[in-house]
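Comments concern the structure below.
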Amino acid sequence: MPYALSWSIEGEKQISRNLLIIADQVKDWTPAFKESADLLKRTFSGPVFDTEGAAIQEHWSPLSKAYAYRKAQKYPGKGILERTGAMRNGFMTLWRPDMAMVWNKVEYFKYHQSNKPRHKLPRRVMMKLGQMQRTQVVKVFHSHFHSVVNV
């Protein structure tokens, strides 16, 4: 019986793996879902902000010159999408034996992440599974599978 594992990030399907396993071999994927959710949370709140999106192959648009000047005066040393640190620190996780979720609790996060048409606010993606993240998630699940079935 095939067992399907899939990932989606705030509604945008990013990765899906069908694992052909016997259902009774792995009943609880909780450790793998927790580990991968924690890994992604650390990535989204750390390297993604540190590299202005490059860590997930989503280079952020620079600030306008006028806004960059105002921001430097009021929030010296703060990067793009950082004034108070609320968005960087707003990532949350939830996991169960059959799923995991990663989201950002900050209300205005959705306006930066969204791929809807926009006029002034540039899109600055913070959550995406780049190739490195895909590889890391697959390794987590692979390791858990092997630790449970002793292959």
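Readers should treat all values here as calculations from the given coordinates under stated rules, not as data from a laboratory. Everything numeric here is computed off the predicted structure, so don't read it as measured data. Every residue, glycine as well, gets a Cβ built from its backbone with ideal geometry; the counts of neighbours run over all protein chains shown.
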- Query: From the cross-link list LYS74/LYS105; LYS34/LYS78; LYS65/LYS105; LYS41/LYS128; LYS27/LYS139; LYS78/LYS139, which pairs have alpha carbons spaced over 23 Å apart?
  - Reply: LYS74/LYS105; LYS34/LYS78; LYS65/LYS105; LYS78/LYS139
- Task: May I ask you to work out the translational diffusion coefficient for region 37-98 at 37 °C, viscosity 0.692 mPa s, via Stokes-Einstein with Rh from the Kirkwood sum over Cα pairs, reported in whole µm²/s?
- Result: 251
- Message: I need the phi-derived Karplus couplings for region 97-111: 6.51 cos²θ - 1.76 cosθ + 1.60, θ = phi - 60°, integer Hz, Gly and Pro marked x.
- Response: x, 10, 6, 9, 10, 10, 8, 10, 7, 6, 4, 7, 3, 4, 6
- Note on the structure: Residue separation between LEU94 and LYS139 times 0.36 nm, minus their alpha-carbon distance, gives in nm 14.2 nm
- Rounded to whole Hz and in sequence order, give me ³J(HN,Hα) for region 124-139 from the Karplus expression 6.51 cos²θ - 1.76 cosθ + 1.60, θ = phi - 60°, writing x for Gly and Pro. 10, 6, 10, 10, 6, 8, x, 4, 5, 5, 4, 4, 5, 5, 4, 4
- Quick one: go through region 113-133 and flag any residue whose amide nitrogen is under 20 Å from the point 7 Å out along the Cα-to-Cβ line of ALA66. 118-123
- Message: Please give me, ordered by residue number, the trypsin sites (Lys or Arg not before Pro) of region 64-151 that lie in loop per DSSP and have at most 16 other Cβ atoms within 10 Å.
- Response: LYS78, ARG83, LYS105, ARG118, LYS120, ARG123
